[in-house]
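Report on one structure; see the data block that follows.
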Ligand SMILES: Cc1ncc(C[n+]2csc(CCOP(=O)(O)OP(=O)(O)O)c2C)c(N)n1
Ligand SMILES: [Mg+2]
């Protein structure tokens with residue numbers, strides 16, 4: 001099962017290297033990783049997805065905690081949290097296919113963010129599964145390129161993650 | 001005040017008396033400033049010697065060892081000693097010079113990304129970009145190195161930083177900024193009570209003690225636990241001396257190079273009380289066959305060690321001294337009888353009698369190394385500070401030099417670094433002037449750092 005760790009770290013140079021290095025050294029695998037500043041600029045949040053099958057999540061968490069710059073780790077239960085990925089996808093679109101693509105965009109509540117003669121850029125957010133399903137539907141039109149963030153997640157309820 | 005002086009002032013404030021080092025271009029300002037300070041600088045002949053000497057100093061004294069080198073090759077020569085200290089959880093601060101800030105990243109002369117190179121082998125590291133951070137960073141470095149599970153901390157300082165002027169008040173401690181570092185030391189009371197119950201109920205208990213006991217200065221508490229509970233003790237290589245090896249309850253070292261009786265006892269035990277150990281593969285061999293009948297109480301200050309290799313039945317995260325103290329209190333409430341596991345004690349005695357360690361005296365008229373080591377032990381009554389190198393002689397020393405006190409047996413266990421013993425012995429001698437320090441070395445290992453003979457001779461008069 002995929003496991004999401006929300007890791008608060010000091011926003012200092014080299015912290016990402018320390019985290020990535022730790023994963024490499026201990027033979028852990030990172031499935032996806034998103035890093036950005038939080039509401040306080042001296043703290044960053046890393047949202048790390050790992051596969052439980054590849055490594056014991058408890059060891060990953062404990063080893064991460066040993067990094068001096070790691071402040072707090074929350075292990076997010078999928079049923080108790082909201083998770084999203086962001087996709088930008090560039091699809092071929094001509095007069096014939098354009099309306100069909102727009103329908104799909106509508107159904108998935110995605111957004112067309114750039115239009116040119118031969119292609120559209122579409123922005124879409126959703127769970128990993130939904131993003132994958134959307135990509136699959138667009139394949140038939142010809143995908144020129146796509147970028148996808150890793151998984152972001154936030155615990156439900158009043159308590160901060 | 002000049003930043004170079006600020007560094008030395010801050011080191012003095014941390015109680016640093018000795019620095020082991022070797023100079024070079026990017027650390028010259030620090031060397032220039034040293035003349036004005038009451039700090040003992042030991043000039044080694046290779047930076048590896050400085051690192052191992054700082055390591056030996058730390059192990060012999062319990063204080064943080066300090067070594068210093070220039071940028072580039074000086075810094076990379078410290079890599080082995082830093083890794084060595086990391087593997088054996090030795091408190092050490094390594095200070096390296098770095099090229100000026102505007103030259104970093106340009107493949108400048110004698111530039112090496114030493115913070116990058118050492119990332120997986122340090123407890124923490126700093127690349128100092130602003131001179132005003134120096135007092136705080138030095139405080140933090142010593143605090144991190146010496147608390148929790150000890151380890152090496154690297155401070156890399158660009159030479160232009162050391163030349164800057166800054167305000168510094170030696171009486172004013174800078175606030176540390178370590179929101180993510182809270183070494184847990186106390187041990188959960190509920191877990192401690194549970195451990196006491198499990199120990200009281202055990203029929204075939206064994207204490208398995210390691211370097212964590214020495215680091216926590218918990219030998220006295222361990223001894224009380226063993227004698228109060230009548231529990232035989234085996235130690236790891238780094239744990240040697242945390243329990244007097246001549247004691248009736250001592251079974252010596254366990255594992256691949258351990259005594260037969262320690263290994264028999266572990267294989268038959270129904271309870272292993274593991275204190276300050278990490279279930280290293282040299283100890284356990286095949287994990288699934290290790291102590292197959294035992295439940296595990298595991299006390300360690302590093303939460304990540306607990307259930308890393310062996311699932312603990314009673315995990316206790318905490319400092320060995322504090323945990324053992326509260327464990328004793330709980331055990332005494334349960335009023336253990338001395339003869340509650342008499343058959344087990346007799347069994348251990350029988351194993352000891354029937355499978356003793358053999359000391360080969362001589363073969364073909366030649367003195368056997370085990371015999372020589374045995375003699376050294378006899379003559380010194382196990383009270384010398386004994387350092388070893390790495391190899392067969394190390395294992396013989398571990399088996400036949402019975403250590404009677406903590407910090408009396410210094411060896412490179414985790415990394416197994418040939419060349420460690422001799423410079424470590426120099427460091428130990430500096431830490432314990434007036435005491436007898438012995439290095440038991442192999443011919444191969446000795447040749448890896450024997451240039452430090454010059455260091456030993458140079459400082460002999462001051463430290464013997
Ligand atoms: C730096 C380093 N290189 C290589 C080894 C591998 N190694 C382990 S023991 C050993 C031989 C050691 O010889 P010596 O110091 O003479 O000790 P002896 O085994 O003869 O007692 C070697 C090469 C090591 N441990 N460390
Ligand atoms: Mg040899």
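Any read-out appearing in this document is the output of simple, stated calculations on the displayed coordinates, not a laboratory observation. What you see is a predicted model, and the numbers here were worked out from it, not measured in a lab. Glycine also receives a Cβ, built like all others from the backbone with ideal geometry; neighbour counts cover every protein chain displayed.
Kindly state, to the nearest 0.05, the FRET efficiency for residue B:256 paired with residue B:38, given R0 = 41 Å and r defined as their beta-carbon distance. Walk me through the numbers on the way to the answer.
Values: r = 46 Å, r/R0 = 1.13.
After rounding to 0.05, the efficiency reads 0.35.
Once every Cα of the range A:82-153 carries one equal point scatterer and solvent is ignored, give the base-10 log of I(q)/I(0) from the Debye formula at q = 0.13, 0.15, 0.26 Å⁻¹, two decimals.
For the requested q values the scattering log ratios are -0.32, -0.43, -1.23.
Taking Cα centroids, how far is the range A:1-67 from the range B:187-238 in Å?
One Cα centre to the other: 35 Å.
Which of B:247, B:230, B:460 comes first, and how do the rest follow, when ranked by fewest Cβ neighbours within 10 Å?
On the way: B:247 15, B:230 18, B:460 11.
Ranking B:247, B:230, B:460 by Cβ neighbours within 10 Å, fewest first, gives B:460, B:247, B:230.
As I understand it, the value is the acute angle between the Cα axis of helix B:134-146 and the longest principal axis of the Cα atoms of chain B; what does it come to in degrees, rounded to 10?
10 degrees
Please give, to one decimal in nm, the separation of the simple spin-label points placed at residue B:107 and residue B:367, each 7 Å out from Cα toward the Cβ.
For residue B:107 paired with residue B:367, the spin-label model returns 5.5 nm.
Rounded to the nearest 500 deg cm²/dmol, what is the calculated helix-only ellipticity per residue at 222 nm for chain A, with -39500 (n - 2.57) per DSSP H run of length n ≥ 4?
-8000 deg cm²/dmol
Distance between the C-alpha centers of the range B:345-422 and the range A:92-149? Whole Å please.
72 Å
Residue B:334 label point, 7 Å along Cα→Cβ, cut-off 14 Å on backbone N: hits in the range B:165-196?
Residues passing the 14 Å test: B:190-196.
Between residue A:20 and residue A:39, what length comes free when the chain is fully extended (0.36 nm per residue of separation minus the Cα-Cα distance, one decimal in nm)?
Working: separation 19, 0.36 × 19 = 6.84 nm, distance 2.32 nm.
Contour length minus Cα-Cα distance gives 4.5 nm.
Under a crude label model (7 Å from the Cα following the beta-carbon direction), how far is residue A:51 from residue A:98 in nanometres?
4.2 nm
Defining a contact as two alpha carbons under 8 Å apart and six or more residues distant in sequence, what relative contact order in percent does the range B:3-162 show?
26 percent
Give me B:108, B:362 sorted ascending by neighbouring Cβ count inside 10 Å, so fewest comes first.
In increasing order of surrounding Cβ atoms, one gets B:362, B:108.
Other chains near A:3-13: what is the mean number of their Cβ atoms within 10 Å of each residue's Cβ? Walk me through the intermediate numbers first.
Details: counts 0, 0, 0, 0, 0, 2, 2, 4, 0, 2, 3.
What the average comes to for A:3-13 is 1.
Quick check: pseudo-label points 7 Å beyond the Cα along Cα→Cβ at residue A:1 and residue B:380, how many nm apart are they?
Rounded to a tenth, the inter-label distance reads 5.6 nm.
Per residue of B:301-312, count partner chain C-beta atoms within 10 Å of its C-beta, then hand back the mean as an integer.
Working: counts 0, 4, 6, 10, 1, 2, 4, 5, 0, 0, 0, 0.
Mean partner shielding for this stretch: 3.
Give me the angle, in degrees from 0 to 90, between the Cα long axis of helix B:342-354 and the longest principal axis of the Cα atoms of chain B, rounded to the nearest 10.
70 degrees
Using Cα atoms only, what is the angle between the long axis of helix A:98-107 and the major principal axis of chain A, expressed in degrees (0 to 90) to the nearest 10?
40 degrees
Which ordering of B:376, B:199, B:138 is given by a fewest-first count of other beta-carbon atoms within 10 Å?
Ascending number of Cβ neighbours within 10 Å: B:376, B:199, B:138.
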